[in-house]
Amino acid sequence: MKPMTKIAGALLRSPDFDCRRAHEAMSAWIDSMSDNEEARRLEAHVAGCPPCRRQLQGYVSLRAFVSGVAAPAVPEDLGLDTRIRLSHVRARNVFGDLNIRIANVLKPNTVPALAGVLATMMCFGVLLGSFGASLAQPPGSPDRTLWVHTQPQASGPLMFQLAALGLENLTVELNIDHLGKAYSGVILSGPQDPEVDRWLKDVLLLGDFYPATIYGRPVSSRLILSFIGVRS
Amino acid sequence: MGHRELSYSDLDSVASPSGAAPSTDDALFITRLRANENTAYDELVRTHHASIYHVAYRMLRDPGEAADVTQDVFVKVFRHIDGFRGESSLRTWLFKIAFSEILNRVRWSRRRYLHRTVSIEEETQKAFEGHASLQLADQRATPEVELERKEREEAFQNALWKLSEEHRSVAVLRDIQGFSYAEIADILGISMGTVKSRLARARSELKRHLMPYLSVHSFGGQD
């Protein structure tokens with residue numbers, strides 16, 4: 001056995017670097033990761049401690065063993081499969097994805113959605129018309145009434161009385177309320193005839209008319225009657 | 001010590017004790033990856049897929065899962081390349097992602113196997129597949145050499161499997177992949193001191209399990 005140097009012997013007997021410390025330092029020593037002081041102490045300890053020397057040899061042998069273990073064979077297609085999968089992921093465009101998703105959601109719902117919008121617009125239009133009708137001018141208002149769907153119609157024998165007068169021509173404007181009663185009238189053109197005036201008064205007092213309607217609702221309106229005499 | 005969870009864009013912000021910043025070539029390559037160059041990604045896969053597969057296989061012991069993890073790693077690299085800040089080398093960053101995936105799989109597998117009944121046929125088939133993956137490694141070897149090689153590989157994998165995932169990780173990274181202590185600390189998000197102690201423990205355990213295969217003779221002084 002080689003005689004130990006005094007220093008090595010002193011280190012070996014050092015209580016703070018025993019076999020346990022030596023075992024702990026061996027792994028780092030193999031990788032040259034021990035600091036200089038620790039490396040020196042380990043080497044000195046190992047020089048004088050056969051069991052630790054065998055331990056260290058075991059670590060060296062382990063490293064040789066591991067480096068000699070065959071690497072597991074890589075599946076043949078792994079590289080290609082990985083590149084293919086990666087190319088699919090890379091080719092996927094975020095906005096393209098979003099467009100596809102939106103199109104897939106919208107397409108089946110486009111027709112029903114459009115039908116719903118149109119139906120809503122129609123209903124709204126009808127409602128708007130109703131509201132407009134409800135805002136129809138009250139009796140006596142000088143403004144023309146809009147949204148008249150059916151015109152007022154004259155009825156009753158008063159029209160025949162006018163025809164019996166034998167006038168050449170006569171144009172009369174009558175304001176008809178929603179109850180079908182004429183509440184005012186004016187002769188726009190025609191002869192200044194007391195018979196015509198009398199007839200007009202009869203119309204205002206006794207005349208019955210069919211009132212104008214908007215969506216079936218009677219409203220006030222204006223009626224212009226024009227008479228032209230035809231002689232055979 | 002539990003594994004610290006990180007998001008992939010944070011992985012690179014862990015201070016690298018070695019300060020191993022990417023080289024100029026690395027920096028140029030990263031620029032190409034960020035520009036989504038086809039050739040850059042092909043090169044990345046060609047260069048690294050085998051080593052990532054090796055590591056994943058050693059950790060998971062399942063060729064199918066190792067292949068899945070390998071593919072997932074590259075997909076994640078693509079998705080998070082903009083988050084790579086260059087504080088470590090590209091290879092280190094790649095293995096950070098790989099180990100994050102692998103350790104998630106290890107934990108998931110452990111939970112799954114706790115509630116699973118394993119059949120003998122299944123285990124036999126798995127072992128056969130494991131061996132089958134090595135059969136093409138060296139066609140020129142004699143049957144005896146090949147058998148010995150398979151035995152050693154099987155013994156090594158069994159010994160590795162007996163380690164905890166923390167010890168297995170450091171052993172695989174150091175003794176198989178050859179990463180430095182600083183890089184291992186960076187990859188696993190632990191201190192250098194922890195790397196040293198875990199590696200010492202891992203090797204001690206491996207040595208104990210593999211003693212029949214190790215040759216021990218006089219080393220240095222005399223007995």
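What follows is calculated from the coordinates using simple rules that are stated; it is not laboratory data. A quick note: this is a predicted structure, and the numbers were derived from the prediction, not measured. Note: ideal-geometry Cβ built from the backbone for every residue, glycine included; neighbour counts use all protein chains shown.
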### Query
Which residues' amide hydrogens lie under 5 Å from the amide hydrogen of A:Arg222, considering only partners 5 or more residues apart or on another chain, with H built in the peptide plane?
A:Ile176
#### Entry: Relative packing of peptides B:47-55, A:190-198, A:59-67 - highest average C-beta neighbours within 10 Å first
B:47-55, A:59-67, A:190-198
### Task
Report the charge-dipole magnitude of segment A:153-228 in Debye, nearest 20, computed about the Cα centre from +1 at each Lys and Arg Cβ and -1 at each Asp and Glu Cβ.
300 debye
### Task
Using the Karplus curve 6.51 cos²θ - 1.76 cosθ + 1.60 with θ = phi - 60°, work out ³J(HN,Hα) for each residue of segment B:152-167 in order, rounded to whole Hz, and write x for Gly and Pro.
5, 5, 4, 5, 5, 5, 4, 5, 4, 5, 7, 7, 6, 5, 5, 6
### Query
Counting only other chains, what is the mean number of Cβ atoms within 10 angstrom of the Cβ of each residue in peptide A:75-85?
6
#### Entry: Averaged over B:204-214, number of beta-carbon atoms from partner chains that fall within 10 Å
4
### Task
Summarise the partner chain shielding of A:30-39 as one whole number: the mean count of Cβ atoms from other chains within 10 Å of each residue's Cβ.
2
